[in-house]
Structure formats: structure tokens, C-alpha cells
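The values are calculated or read from the model by the stated rules, or taken from the named source; none is laboratory data. Note that the structure is a prediction, hence the values are computed from the model and not measured. All Cβ positions, even for glycine, are placed from backbone atoms using ideal geometry, and neighbour counts span all protein chains on display.
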Amino acid sequence: MKTINQIAAAVSMALILVSCDSDKPSTETSAPASSSQEVAAAGSAEQQTTDQKKSEQTESEKANQLFDDLFMQVVMRSPMYQSYLGIKKDQDKWDDISEQRAKEDLEFTKSSLQKLIEIDVKKLDKQTKISWTMLKQDLEERIEDYKWRHYNYPVNQMFGMHSNVASLLINQHGISTKKDAEDYISRLNNLPTLFDQLIIGLNIRAEKGIIAPKFVYPYVISDSKNIITGAPFDDSDKKESTLWADFQRKVDKLELTEEEKSGLKEQAKAALLNSVQPAYNNLITALEKISDRADTKDGAWKFPDGEAFYNNALERTTTTAFTAEQIHQIGLAEVERIHNEMREIMKQVKFDGTLQEFFVHMRGNEDFIYPNTEQGRQKYLDEATAIIDNMKSRLDELFITKPQADLTVKAVEPFREKSAGKAFYQQPSMDGSRPGIYYANLYDMEAMPTYQMEALAYHEGIPGHHMQIALAQELQDIPKFRKFGRYTAYNEGWGLYSELVPKEIGLYQDPYSDFGRLAMELWRACRLVVDTGIHSKKWTREEGIEYYVTNTPNAKSDAVKMVERHIVMPSQATAYKIGMIKIVELRDKAKKQMGDNFDIREFHDVVLANGPVPLNILESFVDDYINSK
């Protein structure tokens, strides 16, 4: 998941234009002029040079300059997104998530669109015209979707500002200088303002009838309380709170005097007690009040104009025109196909019984579950790392272009593991100094059976999201907004496709591991059925859980988390299977038409070397590749 990206309106806007330059100092210096006349003369000369360069630019060069200018303007409007990209300019601040900023963002988007349509499209080269078309569509959709800006749950069990602030400080806000530490402290002190804006947004949604179901609130309240549990919030607690432990650990590594370190720690401690604790307490109080108004209705159909919102969400997520009913039927057909392939594996392992009995046999089978201990968790991490390392050694068989950024495997941190997803990927920093991370949630080892370990590592790591996202960041010949953009059907379609590819080069030697691959694909097929079931057909949470338990071998805890994810993120989970189906369809088309000229490595370059794109544009790339041969 990506996880990526839902922290605020400014950040989600950044994901439309997305990217950034390398980490640069936040200050600029210049030589002093001896007089105001010299300053004016220098400025005039510089302006003439700039105007001359502009007049010499081709229309494509102008367009690409505009793309990058607009992108950087978006990035610099979001201090939090800057941190995700490794930029330190505003790392003492949080995003502005106020209603006023949302209006300003809308006007900025309209202004960006106006600048874009002033470009003469007829004079653009092919690649630039594709970029222009993609950006125009994105901006138009952003403007059109402004009316739906409150149709979400900004605080839920999957993500939200309550957990994102701690995650960002721990994982993205590095401390290598005293200034970094002071900026960290500033962010702690600025938290009350951010949470006040968050509470206002939650209350606006509540007045519109957009309130998360009751099951959500115990999760988010518990996660919020976890942040302010332990020292220094409670000095009698021998365990240090998450942020306090993180800050001390980072500061201790600085080359400062003990007195300087002690001073920074005292400032951080004061900020935790005087700013962070009250901010979280106020948020918890607000959530408790809203939860009193919550009900058990789960689908988007309960919103005002809920059906129109959900259909729009499906269109945005899948980048297709499929209706909810069409997606539901595709899901049912895929479930049946995968069930039949699983029956063939049952024959290989000589299991005598029905498919549902085989699911029961696999579910909770201790032969495939590591102990719920530190040793068991470490064993899982070690073996997942070994799987990825082995896949790294096989990449030349599948890819021409490979990312430079490294990939590491980590367990989800304790403060968020109870509510976080099963696994997810975090992109590397722009300059590659911070590696990509494959996060495995080892809170409940029963939900992480070893027969799914291979497929999960391939999806989140290599050749999945790391190959795709890290490589996109490193591309040289496309605009930044395409390097860092996100189209869920493309991104997650590739992740699911990446579970299949290793089988085609001889991996998944253990039939149980291949069953795990099918189980993962089956899970995504069921998502098509359940997401549309909940949001279009008015299925209840319990009906969704029952469908997963009946039709998959996954633990019930998996089913509960997945259905709860469907509920708070309408349409998002449909992207995986729709995207995979399209990529496989395009590969089959290329194979059929190209015959011996087809090269899987070239095909993968075509899919990845242009950054994230809508599925219809991906198809045009593949068609061009076929014609070129």
C-alpha cells in the first residue's frame, strides 16, 4: 500500500504534479553590489538574458520548464511532502490543512491549468505532448473533485494525521545537525495548530454526515494515546514514549557537547509536555465526541450523493470507465479461475478434500507460522531479506534498467503495528541516501504465514514497488510530476503483476509457496467483489468479512482488516487486480503480435521507463513498442 500520500490536501495535491529537486540549502547568497545603480543594471541584464533564453526555447522546452516549475511550487507548499522527498527547507513546519488553504489550492490549480492551456500543443514533441495531456487531465480532475474534498475520513485505522506526524518525525526527519534537532522541536511545538485544523475538518465532515463507522474510533483513539504514553508524559513509566526515545537516540549521535545535547533534550521534553500532549488530548476528546454520533453503516452509499461519489472514485482509482457492477462481475470470474488453479495445487500436495477444507487446513497451520516472539519476527525478517537478495541476483533476466537506490526490510513500528496494514513500501529519498523500505507488519504472526512470504516480498520490494517507484524517481528524461506521480491502478497493478513474474523464471519452487502466490492474487480478486459489495450493493462489514473467510485461506484477522480498509478507502482496493489484468493483457498482445521479436526485458522497460501513467496511456506506449519492432 503507500502508502502512499494521504496526509493532507496539500500532499495529495503534490502527488498530482509530484517530485522535487535535490536537497538544497534553504538560503541563497550573492556578492554585494557597490551601488543601487549597479544592482538595477545587473537585474536588467539578468532579465534580458532570461527573456532571450525564453525566446530561444522550443515550445516543448517551455512546456517541460512549466511542468517542473508547477511541480516545485506544489512541493514547496507542503513541508511534510518536502520531508518525504528529503528536502529540509521547511522541516520546522507542518502542512496547512485549513479550509482557507483548500480554497487557495483550488485557485492555484485553476491558475496552473490556465498556464498549461496557453502552451501550443501542436508544436510539442510526442513525449511532451503525453506529459501535457496527463497534467491537463490531472488538473481538470482536481478542480472537478473539489466538491468531494470532504468525502473521506482523514483520521482512520489505516492512516491519518494522528499517526502520520509521529511516523514522519521518526522515519523522515533525520537529525544530522543541531539545526535539524531544533527543527524537530519546532515541529513538536507546532502540533497544536495542525491538530486544531484537523479537528475543524472532522467537525465539518460530521455536519455533512460524513462520519466514519463506530469501529474506527477505538483504533484511532488507542493509536493517539500510544503516542503520549510513557516517559516523559508519565515519569513513573519506565518505558520511554516513542517520540522521546526517537529524539534522544538521534541527538545522542550528534557531534555536540554533552551540555548542548542536554539543552536540546530539555527543549524537546518541554515541547512534548506543553504542546504534543495537549494536542493529542484535544484530538482524543474531539474524536470521542464525534464517535458518539457514529453508526454502523459502512458504505459510501450513506453519504449525500454517495452513489455519484463512489462511481467517480472508481473511475479515478482504476483509470477506466468500468462501472461498479462490471468490476463486481470481473471479480467473481477471477475468484472462480483462481480457485480452479488452487485445486491443481491440492492435487500436487495430495490433499484429499474440498477447496474450503484446504483453506481451513492452511489457515492457522502452525507449520507455516513463525512464533509470535522476537525470535520468530526476526526469522521472518531475515528470510524476507534473503528472498529479496536472491531476486536482486536475477534482475538481469527481467530488466534492462534497474534502480540505484537500495532496499531494506523492516518491521512496522510498535506504535502503529496494531492498526497498520499487512505490508507496505516506503519510497527512498530523492537523492537515494535513504533507501526504500519494505515494511512487514509482524504484530500478528498468524496473519503473516510463510507460504505467502515470497509473493509479499516480491510485491512490496523487488521486482515490485521498489523497482517501479525508485526507478521512476531516477528517470532523467521525463518531467518531475511524472517521476513522482501515483496512479493506483498502474502502481498496484504492477505490484500484483510482480508476484506473477518470478514464477515465470523458475521461482516458487515449493508448491505451497505457489499456493501463497495464488492466495495473494485471490485476495485481490475478492477485493473487486467486496469493495463494490460494500459501497454499491450495501453489504455490511460482517458480510464482507464472511466473503473473505469463505473464499480465501487467509486468517480472519486479515479479512477484518481488509474489510475495514474497504470501508474507509472506497474504491482504492479495486486498483490492484484491474491494473494487473491490463498489464498482462498488454504483454500477451505484444507477445502475440511480435513473436520472436518480443523481449520481456524491453517490455518491462516500456512499462516502467515512463513513470506512472493511466492505463490507457500505458497501452499507447505498448502499441508504440509493438510497432517499433
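In this structure, I462 does not qualify as in a loop (DSSP other than H, G, I, E, B) and surrounded by fewer than 24 Cβ atoms within 10 Å (Cβ to Cβ).
Could we say that K126 is more than 29 Å from S433 (Cβ to Cβ) and surrounded by fewer than 16 Cβ atoms within 10 Å (Cβ to Cβ) here? Steps first, please.
Numbers: more than 29 Å from S433 (Cβ to Cβ): yes; surrounded by fewer than 16 Cβ atoms within 10 Å (Cβ to Cβ): yes.
Considered against the rule, which asks whether it is more than 29 Å from S433 (Cβ to Cβ) and surrounded by fewer than 16 Cβ atoms within 10 Å (Cβ to Cβ), K126 comes out as yes.
Summed over the stretch 403-444, the residues that are surrounded by fewer than 18 Cβ atoms within 10 Å (Cβ to Cβ) and more than 21 Å from H566 (Cβ to Cβ) give a count of 11. When T540, T574, T550, T532 are screened for being polar (S, T, N, Q) and under 21 Å from the mean Cα position of the chain (by Cα), only T574 passes. Candidates in the stretch 278-326 are the residues that are in a helix (DSSP H, G or I) and of a type in the set (K, R); of these, the one that is nearest to G533 (Cα to Cα) is K302.
V549: free of Cβ contacts under 8 Å to residues at least 12 places away in the same chain and in a helix (DSSP H, G or I), yes or no?
On the way: free of Cβ contacts under 8 Å to residues at least 12 places away in the same chain: yes; in a helix (DSSP H, G or I): yes.
Yes; evaluated as a whole, the condition is true for this residue.
Across the stretch 75-89, the number of residues qualifying as in a helix (DSSP H, G or I) and either farther than 19 Å from P428 by Cβ or not aromatic (F, W, Y) (or both) comes to 6. In the set (1) touching a residue at least 60 places away in the same chain (Cβ under 8 Å); (2) touching a Leu at 6+ places or on another chain (Cβ under 9 Å), the condition left unmet by R316 is number (2). Can you say whether I400 is more than 30 Å from Y84 (Cα to Cα) and in contact with an Asp or Glu (Cβ under 8 Å, 6 or more places away or on another chain), as far as the supplied structure shows? When the stated conditions are applied, I400 does not pass them.
Has the stretch 229-242 got any residue that is within 20 Å of S291 (Cβ to Cβ) and either among the acidic types (D, E) or in contact (Cβ under 8 Å) with a residue 24 or more places away in the chain (or both)? Checked the stretch 229-242: no residue is within 20 Å of S291 (Cβ to Cβ) and either among the acidic types (D, E) or in contact (Cβ under 8 Å) with a residue 24 or more places away in the chain (or both). Within the stretch 475-497, being in a helix (DSSP H, G or I) and β-branched (V, I, T) holds for one residue alone: T488. Against the definition (more than 23 Å from the chain's Cα centre (by Cα) and of a type in the set (K, R)), how does R601 come out, yes or no? The answer is yes for R601.
Inspection of the stretch 234-243 identifies no residue that is more than 20 Å from K418 (Cα to Cα) and touching a Ser or Thr at 6+ places or on another chain (Cβ under 6 Å). Evaluated against (1) surrounded by 24 or more Cβ atoms within 10 Å (Cβ to Cβ); (2) of a type in the set (A, V, I, L, M, F, W, C); (3) at pLDDT 95 or above, F484 falls short on exactly one condition, (3).
Just to be sure, is A181 under 27 Å from T408 (Cα atoms), touching a residue at least 24 places away in the same chain (Cβ under 8 Å), over 26 Å from the mean Cα position of the chain (by Cα) and outside the structural domain of E542 (by TED's automatic domain parsing)?
Here the answer is yes, as A181 does meet what is asked.
For the stretch 489-513, a residue qualifies if it is over 13 Å from A457 (Cα atoms), more than 27 Å from the chain's Cα centre (by Cα) and either surrounded by 19 or more Cβ atoms within 10 Å (Cβ to Cβ) or not acidic (D, E) (or both), and the qualifying residues are I505, G506, Q509, P511, Y512.
Looking at R541, R524 in this structure, which one is surrounded by fewer than 22 Cβ atoms within 10 Å (Cβ to Cβ) and in contact (Cβ under 8 Å) with a residue 12 or more places away in the chain?
R541
Of everything listed in (1) surrounded by fewer than 23 Cβ atoms within 10 Å (Cβ to Cβ); (2) under 30 Å from P218 (Cα atoms), the single unmet condition for I478 is (2). Elements of the type strands (runs of 3 or more DSSP E) sitting completely within the stretch 336-451 and holding at least 2 residues that are within 30 Å of Y547 (Cβ to Cβ) and in contact (Cβ under 8 Å) with a residue 40 or more places away in the chain: these cover 423-426, 436-440.
Please return the ranges of helices (runs of 4 or more DSSP H) entirely within the stretch 158-277 where 1 or more residues are aliphatic (A, V, I, L, M), touching a helix residue (DSSP H, G or I) at 6+ places or on another chain (Cβ under 8 Å) and under 30 Å from A573 (Cα atoms).
Working: elements: 161-171, 178-189, 191-207, 216-227, 242-252, 258-271.
Qualifying helices (runs of 4 or more DSSP H): 161-171, 191-207, 216-227.
Put simply, of T401, T385, T373 the only residue that is modelled with pLDDT under 95 and β-branched (V, I, T) is T401. Of all the criteria given as (1) outside the structural domain of I210 (by TED's automatic domain parsing); (2) farther than 27 Å from E417 by Cα, the one not satisfied by P154 is (2).
Among the residues of the stretch 589-611, the one identified as among the acidic types (D, E) and part of a loop (DSSP other than H, G, I, E, B) is D599.
Residues in the stretch 129-149 that are surrounded by 17 or more Cβ atoms within 10 Å (Cβ to Cβ) and either touching a Lys or Arg at 6+ places or on another chain (Cβ under 6 Å) or among the hydroxyl-bearing types (S, T, Y) (or both): 1 in all.
For every residue, the table says whether it meets (1) under 23 Å from N203 (Cα atoms); (2) in a helix (DSSP H, G or I); (3) at pLDDT 95 or above.
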residue	(1), (2), (3)
L66	no, yes, yes
Q73	no, yes, yes
Q100	yes, yes, yes
E140	no, yes, yes
Y151	yes, no, yes
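For the condition loosely packed, with under 14 Cβ neighbours inside 10 Å and of a type in the set (S, T, N, Q), what is the one hit in T242, T285?
T285
Evaluation of L254 against the conditions (1) touching a Phe, Trp or Tyr at 6+ places or on another chain (Cβ under 7 Å); (2) farther than 16 Å from S186 by Cβ shows that the sole unmet condition is (1).
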